[in-house]
Amino acid sequence: MDEATTILDVKGLQCPMPLLKAKKALNELAPGELLRVVATDPGSVKDFQVFSRQSGHELLESEDDAGVYTYLLRKKLR
């Protein structure tokens with residue numbers, strides 16, 4: 001696993017909060033930096049897939065470990 005520049009723990013939050021907090025965190029990163037998001041909302045799986053396609057931020061990893069969802073995003077270069 002790549003080391004994330006920033007880790008965002010949004011466990012216990014429901015849609016749309018995990019994605020909104022991830023967007024805010026990405027805004028604070030430099031282009032190319034990594035953000036690891038840890039969530040428990042099952043709806044976040046689809047949210048992060050769609051967000052990645054629409055925003056241009058790269059979804060490098062998406063994992064489900066017994067209801068704990070982990071995403072690794074790379075902030076787009078421009």
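The values are calculated or read from the model by the stated rules, or taken from the named source; none is laboratory data. Remember, predicted model here, so these are calculated numbers, not experimental data. Quick reminder, even Gly has a Cβ in these numbers, built from the backbone with ideal geometry, and neighbours come from all protein chains shown. We work out accessible area using only protein heavy atoms, side chains counted, and drop any ligands, DNA or RNA first. Shrake-Rupley method; radii C 1.70, N 1.55, O 1.52, S 1.80 Å.
Quick notes
- Two-site FRET efficiency, VAL50 against GLU28, from Cβ-Cβ distance with R₀ of 22 Å, rounded to 0.05: 0.50
- Residues considered: VAL45, VAL68, VAL37. Largest GNM mean-square fluctuation over the chain, using C-alpha springs under 10 Å, is found at VAL68.
- Mean separation of Cα contacts under 8 Å, 6 or more apart, over the residue count of the chain: relative contact order %: 34 percent
- C-alpha long axis of helix 44-55 to longest principal axis of the chain, angle in °: 20 degrees
- The chain - accessible surface per residue (Å², probe 1.4 Å): 60 Å²
- Placed amide H near HIS57: partners under 5 Å, 5+ positions off or other chain: LYS76
- Helix 17-27 axis, angle to the chain major axis (alpha carbon atoms, nearest 10°): 10 degrees
- Total charge dipole magnitude, segment 17-78, about the Cα centre, Cβ charges on Lys, Arg, Asp, Glu only, Debye to nearest 20: 420 debye
- Remark: C-alpha extents of segment 21-62 on the principal axes read 28, 18, 16 Å, sorted largest to smallest.
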